[in-house]
């Protein structure tokens, strides 16, 4: 299942993140794509907040993976630097764990991504407005409906 | 006291021999930067493998250059985190093996403590001090009232300053690593593009995501209008805005805490514009910025930091020492 959603403000992005947080389960995989500056880390920050994480969630570009301890652990992965690598065994340990994995630039490690996942592609419309394309594969199909309302 | 230092948190494999927390007897650094350039950044698996290949050679050379034998070493210090976990583990395992085989105490040291103590190589740290930590993964202000006592005043709420440099360089098609490339190109440009004033909730926090997005938005707008992008002017405008944010918050921290010394640490300490602005603005306190070879990752700084950590806390680590990709600085 695939839907589109337009987000006009940061508040709307925060609300959208809260609706995703309602659907999380251990082992949840959320894949994010979109150009530099589209708002992938911003969405992750809101999601982390909605999950109850108190730490400041900062860009994981440099260390590739940052894990935040919580009732549901959040693994924040950024594969931006991994262009051309296809898969990474070290990251698979996090992705196939009982935590929640949010993976930015997941296309770069597509070989390490499970068959079922939720993907959100963030497109620039203008400085503030973003067009989200949300797609669920496998058991994530029903989640798309839950968060689109 | 002679310390054997190991560093392998990112893309440099390094081993050092230092004496009494100041004197560098040897500091051998093997860089993988040319290998990672092909990918536009560090690739964790490749990094781990290259560290494994290099570590024993680097260790042998560091011992030889310093003219020491295993039984001269009093302490082993190794980067425990933060960093890429596979890379960290190579250095940690080599350090543990050496310490175990030769029955020498070992301490796990925070990478940022190393960057701060790179300043101790040239002159004694004077307290209280304010330290600005700036690199590809960090942007933070610390207060130190004495040796090995770190109090975090503020940090980036999104991107690190070095990361913003890398990403701006990438969208402009300038290559990797972005810091030195932008720094060189900015010299020939003028700050003609308007950059946004960054607001953070807390006075000592930083934010670079907005500045990065602004550059990207400006580029998109110019492209749509079919206007030419003056790259040198763009990076000059970006660099001035990026560095001013560091300077402003540092001035505030130094004044409020009546610091005797202002210290800059981390890879971005090599930036020429930052160095110039620091010398212009901080005339009433002692200023310290590491020598160029100690700005980037190296084991000498880890050995120095390890010495002071050992002085203050003694042995907190043991053979159970493990890597931690998000180790907090305490």
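When you work out D = kT/(6 pi eta Rh) for region A:2-148 at 25 °C and 0.890 mPa s, using the Kirkwood radius from C-alpha pairs as Rh and the Stokes-Einstein form, the result is 162 µm²/s. Placing dummy labels 7 Å off each Cα toward the beta-carbon, the span from residue A:2 to residue B:256 is 5.0 nm. Inter-chain Cβ neighbour count for A:79-88, averaged per residue, equals 4 (cutoff 10 Å, partner chain atoms only). Here the protein assembly as shown is described by how far its Cα atoms reach on the three principal axes: 68, 48, 39 Å, from widest to narrowest. Under Stokes-Einstein, with the Kirkwood radius over Cα pairs as Rh, the value for chain B at 20 °C and 1.002 mPa s is 105 µm²/s. Largest GNM mean-square fluctuation across B:258, B:309, B:120, computed for chain B with C-alpha springs under 10 Å, falls on B:258. Neighbour counting of Cβ atoms within 10 Å sorts the residues B:176, A:96, fewest neighbours leading, into A:96, B:176. Label positions at residue A:125 and residue B:146, each projected 7 Å from the Cα along the C-beta direction, are separated by 5.9 nm.
Counting only DSSP beta bridges with both residues in region B:126-288, the antiparallel share comes to about 55 percent.
Our helix-only sum for chain B, with -39,500 (n - 2.57) per DSSP H run of n ≥ 4 divided by its residues, gives a mean residue ellipticity at 222 nm of -14000 deg cm²/dmol. Of all the options B:57, B:109, B:78, the one that moves most in a Gaussian network model of chain B with Cα springs shorter than 10 angstrom is B:57. Dividing the convex hull volume of the alpha carbon atoms of region B:126-288 by its residue count gives 101 Å³ per residue. Please check: in the Gaussian network model of chain B (C-alpha springs, under 10 Å), which one of B:299, B:70, B:270 has the largest mean-square fluctuation. Ranking B:299, B:70, B:270 by mean-square fluctuation puts B:70 first. With both bridge residues required to lie in the protein assembly as shown, what share of the DSSP beta bridges run antiparallel, to the nearest 5%? Of the beta bridges lying entirely in the protein assembly as shown, close to 55 percent run antiparallel.
Could you put B:72, B:166, B:20, B:205 in order, starting from the residue whose Cβ has the fewest other Cβ atoms within 10 Å?
B:20, B:72, B:205, B:166
Angle of helix B:231-256 to the longest C-alpha principal axis of chain B, folded into 0 to 90 degrees and rounded to 10: 60°. Taking the longest Cα principal axis of chain B as reference, the axis of helix B:209-225 is set at about 40 degrees. Tilt of helix B:85-102 relative to the longest C-alpha principal axis of chain B, in degrees (0 to 90, nearest 10)? Roughly 20 degrees between the two axes. Cβ crowding within 10 Å ranks B:23, B:10 as B:23, B:10, fewest other Cβ atoms first.
Counting Cβ atoms of other protein chains within 10 Å of each residue's Cβ and taking the mean over peptide B:143-156 gives 0. Once the Cβ-Cβ distance of residue B:279 and residue B:202 is raised to the sixth power relative to R0 = 22 Å, the FRET efficiency obtained is 0.20. The modelled label-to-label distance for the pair residue A:36/residue B:57, using points 7 Å beyond Cα in the direction of Cβ, is 3.2 nm.
A short reminder: the numbers here are calculations on the coordinates, not readings from a lab. Everything numeric here is computed off the predicted structure, so don't read it as measured data. In this analysis, Cβ positions are derived from the backbone assuming ideal geometry, glycine residues included, and neighbour counts consider all displayed protein chains.
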